[in-house]
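Notes to accompany the following structure.
The values are calculated or read from the model by the stated rules, or taken from the named source; none is laboratory data. Note that the coordinates shown come from a computational prediction; the quantities given were computed from them, not determined experimentally. For neighbour counting, all protein chains shown are included, and Cβ atoms are generated from backbone atoms with ideal geometry for every residue, glycine included. We work out accessible area using only protein heavy atoms, side chains counted, and drop any ligands, DNA or RNA first. Shrake-Rupley method; radii C 1.70, N 1.55, O 1.52, S 1.80 Å.
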Amino acid sequence: MMKTISAASLTLLLAGVASPALAQSAPDWSGPYIGVYGGVTENNEVAGEDLIFDRDFDGDFDDTVVLNGTTNDAFSPGSCSGSALGQAFANGCDIDPTGVEASVRLGYDMQFGSFVVGVVGELSAADLEDSVTGFSTTPAAYVFTRELETMAALRLRAGFATGPALIYVTGGGAMAKLENSFRTTNGANSFTEIVNEDEADGYQLGAGVEWRLAPNLSLTGEYLFTNLQPDDHVIRVGQGTAPATNPFILPPNTVGTDMMRANDRMELHAFKIGMNVRF
């Protein structure tokens, strides 16, 4: 009889001890949450990016700026990703620095067995540069830079819950605010910004692991790929103090030449760590 009572008591005791551990190892992911995130963002440099020109103002940037009296390309030295280190192509360009990002998220999950689906909205503040430089035979450097300032995203996510972990994939739309800038070592021509559209939209894809630290607290590690399509940033190059033989003001258009960067997208790789509070 004593053995029976002791066995029963031991069973109840072990069950009582194990219950919190089981609850912790298999949490319920359903419900709303709010989180704060931070991390680093890398710009995916586009090899071979250059500058493009509209000489006849037809809206198509398919013209070549040539030297007076020749068919020689005035931008034959080429271009490079990043910001110019000097006025000649031989000086090269620096590499766009690694950016940083901080964000706030609001989300809601629903769990069906081991499967979890949800929606998350995110608002981020970022500091990231994306530059390209073209070089003319003058020699001179022409640098276009886009700086990512803020970004908003709305994504779905789906995952598999195992123990205290939620392994998930995510994807959705994104919108960003950019700051465009231009600089050049050409001190002769005039440079007027005629189009400066500072918005971009696109999509995000990613994956991550969320680990439940406590009933209402979790830690997340995540990778996100973002593809944005920035709007145009156009610079009109006028005569300034340059002679009438200057390549930018040769016929068919002696008013000047419109110029912008060829790449119409930004591709970003972000690695983030965050904390979520669940309700």
Pairs where the first residue, in region 44-64, is over 18 Å from residue 80 (Cα atoms) and the second is exposed (fewer than 15 other Cβ atoms within 10 Å of the Cβ) and at pLDDT 85 or above, C-beta under 7 Å, 6+ apart = 54/60; 55/252; 56/252; 63/56
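Taking the condition of being among the β-branched types (Val, Ile, Thr), farther than 14 Å from residue 142 by Cβ and not in a loop (DSSP other than H, G, I, E, B), how many residues in region 50-69 meet it?
Filtering region 50-69 down to residues among the β-branched types (Val, Ile, Thr) leaves 52, 64-66.
Next, only the ones that are farther than 14 Å from residue 142 by Cβ stay: 64, 66.
Narrowing the set further to residues that are not in a loop (DSSP other than H, G, I, E, B) leaves 66.
Matching residues across region 50-69 total 1.
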Which listed residue, of 175, 151, is among the aliphatic types (A, V, I, L, M) and open to solvent by 60 Å² or more (accessible area, probe 1.4 Å) | 175
Which one is farthest from residue 47 (Cα to Cα) among residues in region 244-275 that are touching a helix residue (DSSP H, G or I) at 6+ places or on another chain (Cβ under 9 Å) and either part of a loop (DSSP other than H, G, I, E, B) or not aliphatic (A, V, I, L, M) (or both)?
-> 255
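Can you give me the number of residues within region 71-86 that are surrounded by fewer than 17 Cβ atoms within 10 Å (Cβ to Cβ) and either part of a strand (DSSP E or B) or not β-branched (Val, Ile, Thr) (or both)?
So the answer is 6.
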Flag if residue 174 is outside any strand (DSSP E or B), in contact with a Gly (Cβ under 6 Å, 6 or more places away or on another chain) and either more than 24 Å from residue 271 (Cβ to Cβ) or in contact (Cβ under 8 Å) with a residue 24 or more places away in the chain (or both) | no
With respect to the numbered conditions (1) of a type in the set (Val, Ile, Thr); (2) open to solvent by 70 Å² or more (accessible area, probe 1.4 Å); (3) within 28 Å of the chain's Cα centre (by Cα), which one is the sole condition not fulfilled by residue 64?
-> (3)
Any chance you could count how many residues in region 121-138 are surrounded by fewer than 20 Cβ atoms within 10 Å (Cβ to Cβ) and either of a type in the set (D, E, K, R) or closer than 20 Å to residue 209 by Cβ (or both)?
-> 2
Among what's in region 251-264 and is open to solvent by 50 Å² or more (accessible area, probe 1.4 Å) and of a type outside the set (Val, Ile, Thr), pick the residue that is nearest to residue 80 (Cα to Cα).
-> 264
Go over the candidates 193, 149 one by one and state the one that is over 22 Å from the mean Cα position of the chain (by Cα), of a type in the set (Asp, Glu), closer than 28 Å to residue 50 by Cβ and outside any loop (DSSP other than H, G, I, E, B).
-> 193
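I'd like the full set of residues that are under 23 Å from residue 228 (Cβ atoms) and either open to solvent by less than 60 Å² (accessible area, probe 1.4 Å) or at pLDDT below 95 (or both), limited to region 178-192.
Listed by number, the residues that qualify are 178, 180, 181, 182.
A quick yes/no check of all residues on (1) buried (at least 16 other Cβ atoms within 10 Å of the Cβ); (2) more than 30 Å from residue 32 (Cα to Cα):
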| position | (1), (2) |
| --- | --- |
| 194 | no, yes |
| 205 | no, no |
| 234 | yes, yes |
| 249 | yes, yes |
| 266 | yes, yes |
| 272 | yes, no |
Of these, 94, 50, 56, which one is out of contact with any Ser or Thr (no Cβ under 7 Å at 6 or more places or on another chain) and farther than 22 Å from residue 155 by Cβ?
-> 56
Name the single residue, out of those in region 87-101 being within 30 Å of residue 223 (Cβ to Cβ) and either free of Cβ contacts under 8 Å to residues at least 24 places away in the same chain or of a type in the set (Asp, Glu) (or both), that is most open to solvent (accessible area, probe 1.4 Å).
-> 94
Are any of the residues in region 110-120 free of Cβ contacts under 8 Å to residues at least 60 places away in the same chain, assigned to a loop (DSSP other than H, G, I, E, B) and either touching a Phe, Trp or Tyr at 6+ places or on another chain (Cβ under 9 Å) or surrounded by fewer than 19 Cβ atoms within 10 Å (Cβ to Cβ) (or both)?
-> yes
